[in-house]
Every structure is written in C-alpha cells, then in structure tokens.
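What follows draws every value from the coordinates through simple rules; no lab data is involved. If you're wondering where the values come from, they're calculated on a predicted model, not measured in any experiment. Heads up, the Cβs are rebuilt from the backbone with ideal geometry, glycines too, and the neighbour counts pull from every protein chain shown.
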Amino acid sequence: MNLWPWILIACGLAYLTKLSGYFVPAKLLRSPRMMRVAGTMTIGLLASLTVVNAVASGQSLAFDARLGALVAGAIALWLRAPFLVVVIVGSAAAACLRLLGWR
Amino acid sequence: MKLLESPAVKVGLSISIATGLYGISFGALASASGFNFWQTMAFSLLMFSGGSQFAFIGVVAGGGSGIAAMTAAALLGLRNGIYGMQMNALLRPGGWLKYPQAHITIDESTATASGQSDPDEQRRGFWTAGVGIFVLWNIFTAVGALAGDALGDPKQWGLDGAAVAAFLGLLWPRLKGREPWAIAAAAALATIIAVPFVPAGVPILVAAVVAGAIGWFSHGRSDEGMEPDVDPYPHERSRADQADQDSKERNAE
C-alpha cells in the first residue's frame, strides 16, 4: 500500500488546522464547548491509541509482552520519569518478557 | 537585555531540548512500522505535531488503512486549531508572520508563551520553543529513523512495547483529576468493544467520537486535556497546585 498520498494529505490538514486558528474571529474562542470537545477528544484518542497498541492484534485481542510494556510504562510515569525514559522502559520490558518466552 | 537573560528564552530552550530529544523515539518507531526515511522525515517536517505523528504510525502499525491513520492524525491535531486562536489573540502576529507562526503552533510553544505575562516575553517564549523544538525534533527524528533501520527485527527490541509506553506517556500529563480519567476509561472500553467488529484503526475513531460526545454534552473544565506533553513550568505549576491545596485546607478548617 502506498501511504504517500495519505501522509501528505494528513500533513496538509495538520497545517490548515493550525492556520485556521489564526483566521477565525476571536468570538469563537469564547465557545467553551468547542474547546472542551477538542480537549476531551485528545484524551480519548490517546487512551484509545494506548489500548490498541497494547492489546489489539488486527481484529482480535491478544495479551502478550506488550501488556508488560504498558505496566512498566505506567510505573515509570508514576515515578515521574521523563518521556524518553518511559519509552525506553516500555521497550525494555517487552524485549525482556520475550526473552523469557512470553510472546 | 541580552537574549539569554530572558526567562522565556531559557524556558523555551530547555523545553526544546526535552521535547526535541524524544523525536528519536518517533523516528525509530516510524521506521519499525515500515515507513521509509523520507516518509518519516515528512511527518516531522510537514505535520510537526507529536501526537498526530505518533497516531498516524500507530494506526498503520496496528494494520489500519491510510485513511483511518489520516483521520486519527487530523482529529488529534484539532487542539492545535484552538492553540492557534489563543496565540493569535495573545501575540497578534501581523500579515505574513501568521503563516510560519501557525506551523510551530503546538502544545509546548503555546504553553511556553502562555506561562509569561509580558507581551515581549510571550513572543520570545513562543518563538524560542517553537523553532527550537522544530530543529531538534527533526534532527532527532532523522537519528531515530536511521537507528531504527539498523536495528533489524523491531519486536526483538521491544519496539512495539515502546509504542505502548509512548502513547501512555502522551496521555499521562492530561490525566489530572477524576474527569479525564473517566473519559480515558470510557474511550479505552469503547476501543476494546469495537476491535472485533470493525476494521483495524477504526476503533480509535469510535473512541474519538465517544470522547467528543462526552465533551459536547457534559459541563466540566473547558481546558480539559489541553496540557503539553512536556510541562515548561513544572515547578510553578506544582507550587500553584500546592497553594491551591493550602487554601482548600484553610477553608476546610
């Protein structure tokens, strides 16, 4: 599958979204409902992406080494580790669990 | 005044380094997900919004289609439109300046500007963080992409686990209080229920609709979820939280 067209459209949309903010009337800024939807949607998308990457395997659910990465990442975040450390901890947890034989 | 004596520039530079560095994880994950070097660089050069970039490659890595990936990335970028409105009102860029300024309107540049009270400092903070992150994010994306190519089998190195941790790390700073946790839980549940029934990638969009509906119909803080991935002012914020806590305790007494 050639992903170039979708990548470029997505990049265009990202820029147009940012730019649109600079051209809408200031009144819209006072619409708390739009701001809330943008905020709650951000939380929902990131939560969903976390779950999908942790347990989805195509159209089925799989409980494998990625679950260990989720737990390890959460512990690192709880200990206030910086983002890059969290990512490395997640990767190390999954790699170690696989070495131990847990797919 | 020398530029380096400006508090906003100092904050902008440190946030640039902290944020720019994790471009290395984006580059490595993108190449592990099958994107070639220039596709990976296109994300960081042209899309330039960490959450949306991770979302696109995350959907593709999970077997989702290009259109599902594009939609997830676009929805996750919506908050940048709100930041644009805020920065337009705060910094009042004139004429052509809006065009480059829009491109570097992201969580961190907005937060750095918003944390200052003097208009000149706000402007310095925004541009230092925005340009600084853009440069470092792209350099480290390239480093990550090249390193990812050299690694071989991504699963052996646990790179799929790195993606899980990365999304959790992006979500974490936004989970302050009970309501965002409830929204995240609802979205996670909707995702798990949807996975067996719809094509890969689509469960993420289902969750976006659920979370958007919660925002539309409920009445909570209007800036819920609008926190930067890396907080430019962690000390001041925790001090403010502490002061908040103290006053609550005093009221309780």
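Work out, step by step, the length gained on full extension between B:Phe197 and B:Asp149: first 0.36 nm times the residue separation, then minus their alpha carbon distance; give nm to one decimal. Walk me through the numbers on the way to the answer.
On the way: separation 48, 0.36 × 48 = 17.28 nm, distance 3.40 nm.
13.9 nm is the gain from fully extending B:Phe197 to B:Asp149.
If only Cα atoms are counted, what is the Rg of the stretch B:78-161, and what is its Dmax, in Å?
Values for the stretch B:78-161 (Cα only, Rg and Dmax): 17.0, 51 Å.
Could you pull the Cα extents of the protein assembly as shown along its three principal axes, largest to smallest, in whole Å?
Per principal axis, max minus min of the Cα coordinates gives 58, 53, 35 Å.
So if we plug the beta-carbon distance of B:Gln156 and A:Trp4 into 1/(1 + (r/R0)^6) with R0 = 30 Å, what FRET efficiency do we get, rounded to 0.05?
On the way: r = 28 Å, r/R0 = 0.95.
Approximately 0.60, to the nearest 0.05.
Quote the FRET efficiency, to the nearest 0.05, computed for B:Ala89 versus A:Cys96 with a Förster distance R0 of 51 Å and r equal to the Cβ-Cβ distance. Write down the numbers at each step before the final one.
Numbers: r = 49 Å, r/R0 = 0.96.
Efficiency, from the Cβ-Cβ distance: 0.55.
Rounding to the nearest 20 debye, state how big the charge dipole of the protein assembly as shown is about its Cα centre with +1 on each Lys and Arg Cβ and -1 on each Asp and Glu Cβ. Before the final figure, lay out each step's value.
Working: 25 positive and 22 negative charges, 102 e Å.
So the dipole magnitude of the protein assembly as shown works out to roughly 480 debye.
Sorting B:Ser218, B:Ser31 on the 10 Å Cβ count, fewest up front, what's the list?
On the way: B:Ser218 13, B:Ser31 25.
Arranged by neighbour count, lowest to highest, B:Ser218, B:Ser31 become B:Ser218, B:Ser31.
Any chance you could run the full-extension gain for A:Ile75 through A:Arg103? It's 0.36 nm times the residue separation minus the Cα-Cα distance, nm to one decimal.
On the way: separation 28, 0.36 × 28 = 10.08 nm, distance 2.11 nm.
Roughly 8.0 nm would be gained on extension.
In the protein assembly as shown, what is the count of Lys pairs whose alpha carbons are under 30 Å apart, counting only pairs at least 8 residues apart or on separate chains?
11
Taking the inverse of the average 1/r across all pairs of different Cα atoms in chain A, what Kirkwood radius in Å do you get? If you can, show how the numbers build up before the last one.
On the way: mean 1/r = 0.0588 Å⁻¹.
Hydrodynamic radius (Kirkwood, Cα only) of chain A equals 17.0 Å.
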